[in-house]
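Only the coordinates and a few stated rules stand behind these numbers; no lab work does. This one's a predicted model, so the numbers in the text were calculated from it and none came from an experiment. Note that we place each Cβ from the backbone using ideal geometry, even for glycine, and neighbour counts take in every protein chain shown.
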Amino acid sequence: MGFRARGAVMTARVYRDDEGKAISFAWPGGYPVVHVMDDGEVLCADCVNDPKNPVHEGGYGDGWRIEGSQIHYEGPDEVCAHCGKAIPSAYGDPDASDGAERPPPSSPASTRAR
Ligand SMILES: [Zn+2]
């Protein structure tokens, strides 16, 4: 099976901590991590870990199946498809005129409309 996610998914493994929770930052380095769903959308770790969300690994692809986790090294902010939280890249967006600019952390939640 191939990834349809945008960007390069480094591994099909989901990055989790010792307690089995999806992580927000990879160690060592503290790089921001996004979790890629089968429809190519990304979720933040909070939404992956939220028991109210039907996130699952394996099985049928319904938009909630985690395909893998990736470190968001560089580029524009990724936006969590569920809560709308911006996930800044580790090194910012090299194409942005002002790399320090960040959208508001709490933009209106865009539901995944399932
Ligand atoms: Zn989220």
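Observations
- Looking only at residues in the range 27-37 that are more than 12 Å from the chain's Cα centre (by Cα) and not aromatic (F, W, Y), the one that is farthest from the ligand (Cβ to nearest atom) is P28.
- Among the residues here, P94 does not qualify as surrounded by fewer than 19 Cβ atoms within 10 Å (Cβ to Cβ) and either within 12 Å of the ligand (Cβ to nearest atom) or free of Cβ contacts under 8 Å to residues at least 12 places away in the same chain (or both).
- Test for V55: is it within 12 Å of the ligand (Cβ to nearest atom), buried (at least 22 other Cβ atoms within 10 Å of the Cβ) and closer than 18 Å to R13 by Cβ: no
- Any hit, the range 47-60, residues being closer than 27 Å to A96 by Cα and not in a strand (DSSP E or B): no
- Within the range 67-88, being over 11 Å from V42 (Cβ atoms) and away from the ligand (no atom under 16 Å from the Cβ) holds for I71, Y73, E74, G75, P76.
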